[in-house]
Amino acid sequence: AKRVPPLQSFLLRFSRTASHLARHKYDVIVVGGGHAGTEAAAAAARVGAETLLVTQKIHTIGALSCNPSLGGVGKGHLVKEVDALDGLCGRAGDWAGIHFSILNRRKGPAVWGPRAQLDRELYRQFIQSELLSTPRLTVLEGSVEELLLTEPDPEEPGHHRVTGIRLANGSQPVSASSVVLTTGTFLSGSLFMGQTTSPGGRIGDAPSSAGLSHTLRERLGLRVGRLRTGTPPRIVKDSVDFSLASLHAPDKQPTPFSFLNTHTRCKPEEQLPCYLTHTTPGVEKVVRESLHLNCHIQQDTKGPRYCPSIESRVLRFPGRRHQVWLEPEGLTSDLLYPQGLSMTMPPDVQLCLIREIPPLHRAEIHTPGYGVQYDFVCPTQLSPALQVKSTQGLFLAGQINGTTGYEEAAAQGLWAGVNAGRWALSMPPVALSRTESYIGVLIDDLVSRGVTEPYRMFTSRAEFRTSLRPDNADLRLTLKGFEEVGCVSSLRYQEAVRVRDSLQDALAALQSLVLPTSSWKKILGDVGISETKNSILNGMDLLQYNNVSFEMLASAFPERFSPHLEFSQRLEIEAIYRPHCDLQRKEMERIQREESLSLPPDMDYLSLPVSLSQEVREILDRVRPSTVSLSTKELNLVFSQSNQQHQGRHLHH
Ligand code: FAD
């Protein structure tokens, strides 16, 4: 069990004065201690870079701004992959989880969604404690006012290099070879409740200073858009009538997120329940009658389609009952989080609304819900290493890139931190392919397609999802993370090698056990094996039958299989998907070949001596794809847009 040091010791150890820092040059400075920033800072330090994390308030490092939960369908894959690359959030989830469940169990294991409800305090303490014990990492409390940049190269107008940051308190600048910006919802952030608007990144926190937005927009000329999100009111637990809601029990046996953990801190019997209830027609009535009092919802800034406010849900789907989950905020917390009730009307209207929901008919609000609107940087201006293409050494990660969610932020943070560290240490950038990870899918979608609304991960976004499973993230990423990237500890690497070797031995043993179906029937009994004349099956074929488990094979052939019992579930999953993965291998290899053909950043597309239409040339000139794979996708996009816009007109290339 990990002992988390008290917050006080964290503060004492980490608060440094800005004057001390000014004398020092860091390899990497990470701005923002949210989900992206903490992973970025830890990853940069792991690759060997001397790193400084600057954040507005040290005690909010690792804060869960909205729902106290981690993982879910698609998002759980990201948590497993961040963990496989030695990131923090998976282990933090195992430490802070108070209700674990695997979502989507009715579907195949490739799309299962590991999820946990969290204790906010435990999560925050774990992340802070991890940063405390990360070598080469210093944390400073402060607000970054400005990025320091070199003047653009006259040969390459518009191209800068970042050299450090300046803090808002007017202290000396702090130098660094690279900077990772992870300012979340804070960039020109405005908070909305009813008809009131105030500047802020999150309730109780000021927005990022205007200087930072100015640098990005004016000095670097980056295209910036505006998005919105919101959070529900927090409800006093004792005021809820749970007898009117349906109980949602956790899994009997919690499944840890981390490949390093065999169990979670919370014992199975100590887990807390969640509850499900629904909206009523009264909720819709309150929303409709209060629209004129709700300026957030009246604006046309895009909000999260997949985590919408109750106002958006009611207006888009009138007459429907909408799910509301009543979820605990922590082991000892007196509050409940009503998932599905994000709202921005005035506080008195919020109270009327929640009381239209049966279990909440006498509920009290502890903190009202609110909305936030913020600037994001259009992510097509980034390379696959998450570096701003026009500014050397500047990396962006998290909500600033137009995503929503802790997991999406953590995944980008880790990868931006790795690349910022490598840049500072003069190592080449590394990329993750969409054929090998959900992190690769996320980054590729962002940098090649951009976003028009807050981007959230889904399993449907991954073409190769039968290969990119939560169960095998360690085999896909830990070995690469150690051998090629340098962000994985040797301890974790050795464990992944042990797992890989054991699985290979077990798979070879399964494949080499070949028997006629009649013999299998005699050994295993009636397990639904269909018999055709002279048919033979090996152990892997057998595991594709629903009624055959690895444990059955191990009890029939103990000498061969019982040494591998610890991997029963992984072997069964591998057996189900292996034939399909083998079929997909050619397509994956084709995409990997295209991804490895990089295009020079200064390519002159406008006068390229090949047959390309002017329109395609202009798009390529604007997007400046980093690989042939991106340019192929970009061209497809051009075709589809062009077909919509100019019917009958064809592009030639
Ligand atoms: P954050 O976690 O926001 O962290 C940003 C950090 O940067 C903060 O610590 C801040 O103090 C620091 N910072 C900012 N500017 C500076 C500066 N100039 N100098 C120093 N430090 C700075 N996600 C969902 O998936 N579903 C939801 O429904 C949802 N609702 C949300 C509602 C609200 C009101 C908010 C605020 C967020 C919501 N989120 C939701 C988003 C979720 O919190 C984010 O996706 C996630 O936290 C993003 O992580 P991040 O690291 O990019 O930014």
**Failed condition for LEU216, given (1) farther than 20 Å from ILE58 by Cα; (2) in contact with a Cys (Cβ under 9 Å, 6 or more places away or on another chain); (3) surrounded by 24 or more Cβ atoms within 10 Å (Cβ to Cβ)** = (2)
**Of residues in the stretch 323-364 being part of a helix (DSSP H, G or I) and aliphatic (A, V, I, L, M), the one nearest to CYS295 (Cα to Cα)** = VAL349
**Message:** Go through (1) within 12 Å of the ligand (Cβ to nearest atom); (2) within 14 Å of THR182 (Cα to Cα); (3) not basic (Lys, Arg) for SER65 and report which single condition fails.
**Reply:** (2)
**Message:** Taking the criterion of being in contact with an Asp or Glu (Cβ under 9 Å, 6 or more places away or on another chain), within 10 Å of the ligand (Cβ to nearest atom) and in a helix (DSSP H, G or I), would at least one residue in the stretch 73-93 satisfy it?
**Reply:** yes
**Request:** Residue by residue through the stretch 199-217, note down the ones that are more than 11 Å from the ligand (Cβ to nearest atom), over 21 Å from THR404 (Cα atoms) and modelled with pLDDT under 90.
**Result:** HIS214
**Asked** Identify, please: which residue in the stretch 405-434 is surrounded by fewer than 24 Cβ atoms within 10 Å (Cβ to Cβ) and polar (S, T, N, Q) and is, among those, farthest from the ligand (Cβ to nearest atom)?
**Response** SER426
**Prompt:** From the set of residues in the stretch 574-601 that are among the charged types (D, E, K, R) and more than 27 Å from the chain's Cα centre (by Cα), which is farthest from GLY108 (Cα to Cα)?
**Reply:** LYS586
**Asked** Which residue pairs have Cβ atoms under 8 Å apart, sit 6 or more places apart or on different chains, and have a first residue in the stretch 28-42 that is in contact (Cβ under 8 Å) with a residue 40 or more places away in the chain and more than 9 Å from the ligand (Cβ to nearest atom) and a second that is assigned to a helix (DSSP H, G or I) and among the charged types (D, E, K, R)?
**Response** ALA42/GLU130
**Tabulated pairs, the stretch 402-427, first under 18 Å from VAL447 (Cβ atoms), second away from the ligand (no atom under 11 Å from the Cβ) and at pLDDT below 95, C-beta under 6 angstrom, 6+ apart or interchain** = GLY402/VAL451
**Prompt:** Is it true that some residue in the stretch 546-558 is among the aliphatic types (A, V, I, L, M) and closer than 27 Å to LEU477 by Cα?
**Reply:** no
**Message:** I want to confirm something. Restricting to the stretch 177-186 and keeping residues that are more than 7 Å from the ligand (Cβ to nearest atom) and buried (at least 24 other Cβ atoms within 10 Å of the Cβ), which single residue is farthest from GLU408 (Cα to Cα)?
**Reply:** SER178
**Complete:** Among strands (runs of 3 or more DSSP E) entirely within the stretch 147-262, at least 3 residues that are of a type in the set (S, T, N, Q) occur in 174-181, 196-199
**Complete:** Residue hits (the stretch 367-397; small (Gly, Ala, Ser), in contact with a Gly (Cβ under 6 Å, 6 or more places away or on another chain) and either under 21 Å from PRO199 (Cβ atoms) or more than 10 Å from the ligand (Cβ to nearest atom) (or both)) are GLY371, SER390
**Request:** List every residue pair whose Cβ atoms sit under 8 Å apart, with the two residues 6 or more apart in sequence or on different chains, where the first one lies in the stretch 588-611 and is touching a residue at least 40 places away in the same chain (Cβ under 8 Å) and within 16 Å of VAL441 (Cα to Cα) and the second, anywhere, is assigned to a helix (DSSP H, G or I) and of a type in the set (Lys, Arg).
**Result:** none
**Request:** Go through the stretch 280-303 residue by residue and tally those that are surrounded by 20 or more Cβ atoms within 10 Å (Cβ to Cβ) and under 29 Å from the mean Cα position of the chain (by Cα).
**Result:** 3
**Request:** Please enumerate the residues belonging to the stretch 476-506 that are over 15 Å from VAL79 (Cα atoms), among the hydrophobic types (A, V, I, L, M, F, W, C) and assigned to a helix (DSSP H, G or I).
**Result:** LEU479, PHE482, VAL485, LEU491, ALA496, VAL497, VAL499, LEU503, ALA506
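The values are calculated or read from the model by the stated rules, or taken from the named source; none is laboratory data. Every value quoted in this text rests on a predicted model; they were computed, and no experiment measured them. Using ideal geometry, Cβ is built from the backbone for each residue, glycine included, and neighbour counts are taken over all protein chains shown.
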